[in-house]
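In what follows, a structure is listed as structure tokens, so that the remarks can point back to it.
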Amino acid sequence: MACVGEGAQSSGAMTMGARLERMYSIEDLRNAAKKRLPRAVFDFYDGGSQDELTLGANHQAFKKSSLLPRILRPVDEVDPTTTILGHRSAYPIVVAPMGGMGIGWPDGDIALARAASEAGIPYTLSSASNNSLEEVARSARGRLWFQPYMLKQREFVYQLIDRAYAADYEALVVTLDMPTGGKRERDLRNQFGLPFRLTPSGFLDFASRPMWSLDMLRRGVPRMGNMVGYEDSAASATRTMATLGRSADAAMDADQLRRVRDRWPRKLIVKGVMHPDDATYLADIGCDAMVVSNHGGRQYDGCPSSLAMLPYIVKAVSGRSEVLLDGGIRRGRHALQAVALGAQAVLVGRAVLYGTVAAGESGARRAIEILADEIVRDLRLCGTRNIEQVREHAFWKHQGDGEES
């Protein structure tokens with residue numbers, strides 16, 4: 001059986017399952033992914049744009065605020081479930097859309113979708129996924145959401161939306177914070193070409209991770225199943241991903257969003273909301289939910305953290321739409337912190353991606369297990385029996401050397 005990481009010995013080595021059981025945090029899974037993947041591929045997943053200020057801000061925001069534990073409250077039985085868009089979710093988490101997962105693990109989209117379904121949480125498929133939305137719908141039962149990027153070829157986007165409807169996806173997650181591609185300098189420094197260009201340094205990088213390289217040689221560079229018919233038809237994953245940034249519809253406006261709203265009769269979610277005025281408008285036109293997100297720090301660098309803007313968005317919406325948070329989630333307590341500030345739930349991206357590209361479906365399950373265990377554990381430690389009590393919880397914000405409730 002294959003093992004996580006490149007350094008495991010083939011004889012007498014610990015099985016993948018045993019190795020995963022000894023990974024106790026998302027950071028452990030991140031390290032496992034780093035060991036398995038070439039540096040250029042890992043940095044593609046792990047990095048942000050320019051100076052990575054926003055990427056860092058998303059993480060730091062959770063360190064500057066916390067929940068204040070209570071005592072003498074029975075927590076022998078706790079309930080981590082919540083309601084998202086009118087349906088039960090086992091935890092206040094949703095898998096975020098992520099493109100290009102098949103570069104890290106074959107059929108990684110399906111592996112993660114199955115793990116999410118098994119855990120009882122919604123899964124969001126990116127239009128930049130390697131497995132097509134129909135393949136994922138056939139392979140993973142559960143709550144499926146679909147994220148279309150807004151491209152210049154609008155008719156193609158509408159076709160994707162119609163395909164998601166035909167495949168019975170529950171919700172559409174329209175991502176609006178990518179009018180152009182971000183400047184990701186890790187990729188530039190690594191000469192991580194899209195499509196792959198085999199430079200001398202790249203050859204050495206790939207050769208240092210033989211298991212990943214053998215998978216890629218055996219299967220070939222994965223294609224993007226959703227993008228068949230777009231520009232050069234079923235282009236390779238890397239070539240199409242390079243095209244997406246250049247093909248983003250920088251002319252996207254409110255009229256175009258209203259057309260999407262009219263075309264899609266099910267739940268509509270808008271991702272990439274950071275300004276209260278935008279949130280007010282989205283609630284006015286009937287968006288069912290919005291995601292406070294700065295694209296994980298992968299697009300514009302230098303904007304505030306998602307968590308910092310969450311209270312402002314919640315106030316602007318005033319209960320007319322559900323508010324979700326995306327960005328920087330690495331611990332179960334982060335989900336509870338966001339809930340305490342008004343989020344219905346959080347989207348987790350890299351946290352579950354690390355597990356998936358480290359060990360496939362079993363790694364994806366382990367990532368979700370870690371977050372779920374921490375959510376249940378922290379509910380008890382904070383003296384809260386359920387998610388609703390978290391929303392009523394005292395929130396403690398640290399400012400400089402002082403603190404205020």
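Counting only DSSP beta bridges with both residues in the chain, what percent are antiparallel, rounded to the nearest 5? Rounded to the nearest five, the antiparallel share is 30 percent.
Only DSSP H runs of four or more residues enter the estimate; each adds -39500 (n - 2.57), and after division by the residues of the chain the mean residue ellipticity at 222 nm equals -13500 deg cm²/dmol. Converting phi to 3J(HN,Hα) with the Karplus coefficients 6.51, -1.76 and 1.60 and the offset θ = phi - 60°, the range 380-388 yields 5, 5, 8, x, 10, 8, 7, 5, 5 Hz in sequence order, with x at every glycine or proline. In this structure, the amide hydrogen of K267, modeled 1.01 Å from its nitrogen in the peptide plane, lies closer than 5 angstrom to those of L172, counting only residues at least 5 positions away or on a different chain.
Distance between the 7 Å Cα→Cβ label points at H275 and R219: 4.1 nm. Under 20 Å from a label point set 7 Å out along the Cα-to-Cβ vector of R70, the amide N atoms of the range 322-341 belong to 333-341. For R223, the residues 5 or more places off, or on other chains, whose built amide H falls under 5 Å of its own are A237. Compute the FRET efficiency between Y24 and E118 as 1/(1 + (r/R0)^6), taking r as their Cβ-Cβ distance and R0 = 22 Å, and round to the nearest 0.05. Taking R0 as 22 Å, the efficiency between Y24 and E118 is 0.60. Couplings 3J(HN,Hα) of the range 136-149, computed from phi: 5, 5, 6, 9, 10, 7, x, 7, 10, 10, 10, 10, x, 7 Hz, in residue order, whole Hz [Karplus 6.51 cos²θ - 1.76 cosθ + 1.60, θ = phi - 60°; x for Gly and Pro].
Annotation: extensible slack from N31 through K63 equals 9.4 nm (criterion: 0.36 nm per residue apart, minus Cα-Cα distance).
Short-range pairs are left out: with C-alpha atoms under 8 Å and at least six residues apart, the relative contact order of the chain is 27 percent. On full extension, the segment bounded by A166 and L188 gains 4.0 nm, given 0.36 nm per residue less the C-alpha separation.
Among P122, P106, P69, the largest mean-square fluctuation in a Gaussian network model of the chain, built with springs joining Cα atoms closer than 10 Å, belongs to P69.
Put simply, when 379-386, 356-363 are sorted by average Cβ atoms within 10 angstrom per residue, most first, you get 356-363, 379-386. Straightening the chain between Q50 and M14 buys 9.0 nm, computed as 0.36 nm per residue apart minus the Cα-Cα spacing. Label-to-label distance for S318 and A250 is 3.6 nm, based on points extended 7 Å past Cα in the beta-carbon direction. By the compact-protein rule of thumb, 2.2 N^0.38 Å, the alpha-carbon radius of gyration of the chain corresponds to a ratio of 0.95.
Pairs of Lys residues in the chain are counted when their Cα atoms are under 30 angstrom apart and they lie 8 or more places apart or on different chains; the count is 22.
Rounded to the nearest 5, the antiparallel percentage of DSSP beta bridges internal to the range 58-199 is 25%.
Normalised size of the range 23-172, defined as Cα radius of gyration per 2.2 N^0.38 Å with N residues, equals 1.24. Across the range 308-316, rounded Karplus estimates of 3J(HN,Hα) from the backbone phi angles (6.51 cos²θ - 1.76 cosθ + 1.60, θ = phi - 60°) give 4, 8, 3, x, 5, 5, 4, 5, 5 Hz, Gly and Pro being marked x. Within the accessible area of the range 293-405, the carbon and sulfur atoms contribute 47%, probe 1.4 Å, all protein chains present. Measuring r between the beta carbons of R385 and S139 and using R0 = 25 Å, the FRET efficiency lands at 0.10.
The values are calculated or read from the model by the stated rules, or taken from the named source; none is laboratory data. These numbers were taken from a predicted model, which means no experiment stands behind them. In this analysis, Cβ positions are derived from the backbone assuming ideal geometry, glycine residues included, and neighbour counts consider all displayed protein chains. These area figures cover heavy atoms from the full protein model, side chains too; ligands, DNA and RNA do not enter into them. Shrake-Rupley method; radii C 1.70, N 1.55, O 1.52, S 1.80 Å.
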